[in-house]
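First up is the structure itself, then whatever we jot down about it.
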């Protein structure tokens, strides 16, 4: 098994469609780990001034923060990269920590007695395979990266290993669905909740002003300035709160229905057809490429649509590829 494409980083393990092998991977690259670890280190270093004070409580808080930061950085940098190659006769497992040696394991077909598909509460379209072995051991695979063909992948593996009665997962992004659903159906915020948040914004902006009056002090310019700011914030919450509910995509054959809410809570629906698409890309929304990638569609009219969060870059690419297929998007517009 050759898994040393790049040192300290797992190889590209997307589910192959042109091979009899199914390849899965889990683990971030060194560059991604350094970004996360550097951010954690910067936060932890903010507590270092407390070490040089004479306040015992501040010193204790600073020490605890630094220790937690060091533990988090160590966990990020030392987390192993895991590679699975599922062949018709066996499972090849490779595991490697940064700057460490590669450890391999082979699980023969005859050792596998059961297969279960595990979902993820945080990401409904993320699935892992749990294999039961004759020895009683249970092995859990990395996530299936091709989220649009989870059912086919599970059925194929079950047939390869002669595992009966494997329950098909409920996957909203599966290509076998007549409609692929990205995100959750939208519901407007309750009017009562919006009013409560607006009143809280007004009350918070008035607290400094009221406190000064209660103490018999003259309010400062900042205290007075906060009053209209609070009123503006309350109006913005009352008028535009529903705009932050995001979007809900329904991908059908030949078109996409994009649902969003207006500020008053009424539904707004847009339709995207393949001939209207100027470019379709996968972009990162946030710092992590493992959790925060989305599909972005730009139209010839200049409008841009961003999908709800999908997951890793591999998962987002799989969804984008299925969108290209369903809408018949021109090859020159495909920039996945």
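The values are calculated or read from the model by the stated rules, or taken from the named source; none is laboratory data. Predicted model only: the values in this text are computed from it and were never measured. Quick reminder, even Gly has a Cβ in these numbers, built from the backbone with ideal geometry, and neighbours come from all protein chains shown.
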Checklist entry - Which one of 17, 56 is more than 20 Å from the chain's Cα centre (by Cα), at pLDDT below 85 and not assigned by TED's automatic domain parsing to the domain that holds residue 130? => result 17
Checklist entry - Has segment 42-51 got at least one residue that is surrounded by fewer than 18 Cβ atoms within 10 Å (Cβ to Cβ), within 30 Å of residue 153 (Cβ to Cβ) and modelled with pLDDT under 85? => result no
Checklist entry - Out of all the residues in segment 98-107, is one or more surrounded by 13 or more Cβ atoms within 10 Å (Cβ to Cβ), over 21 Å from residue 314 (Cα atoms) and modelled with pLDDT under 80? => result yes
Checklist entry - When you go through (1) closer than 30 Å to residue 182 by Cα; (2) in contact with a helix residue (DSSP H, G or I) (Cβ under 8 Å, 6 or more places away or on another chain); (3) at pLDDT below 90 one by one for residue 115, which number turns out not to apply? => result (3)
Checklist entry - Yes or no: residue 258 farther than 13 Å from residue 185 by Cα and under 21 Å from the mean Cα position of the chain (by Cα)? => result no
Item to check | Among (1) within 23 Å of the chain's Cα centre (by Cα); (2) free of Cβ contacts under 8 Å to residues at least 12 places away in the same chain - the single one residue 225 does not satisfy | outcome: (1)
Next on the checklist: Is it the case, given these coordinates, that residue 69 is surrounded by fewer than 17 Cβ atoms within 10 Å (Cβ to Cβ) and either under 31 Å from the mean Cα position of the chain (by Cα) or outside the structural domain of residue 138 (by TED's automatic domain parsing) (or both)?
Outcome noted: no
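Only one residue in 4, 33 is over 26 Å from the mean Cα position of the chain (by Cα) and modelled with pLDDT under 80. Which one?
4
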Item to check | Single residue of 265, 246 found to be touching a helix residue (DSSP H, G or I) at 6+ places or on another chain (Cβ under 8 Å), at positive phi and surrounded by 13 or more Cβ atoms within 10 Å (Cβ to Cβ) | outcome: 265
Item to check | Test: residue 183 is surrounded by 14 or more Cβ atoms within 10 Å (Cβ to Cβ) and on the phi > 0 side of the Ramachandran plot | outcome: yes
Next on the checklist: Taking the criterion of being within 18 Å of residue 253 (Cα to Cα), under 22 Å from the mean Cα position of the chain (by Cα) and in a loop (DSSP other than H, G, I, E, B), would at least one residue in segment 139-162 satisfy it?
Outcome noted: no
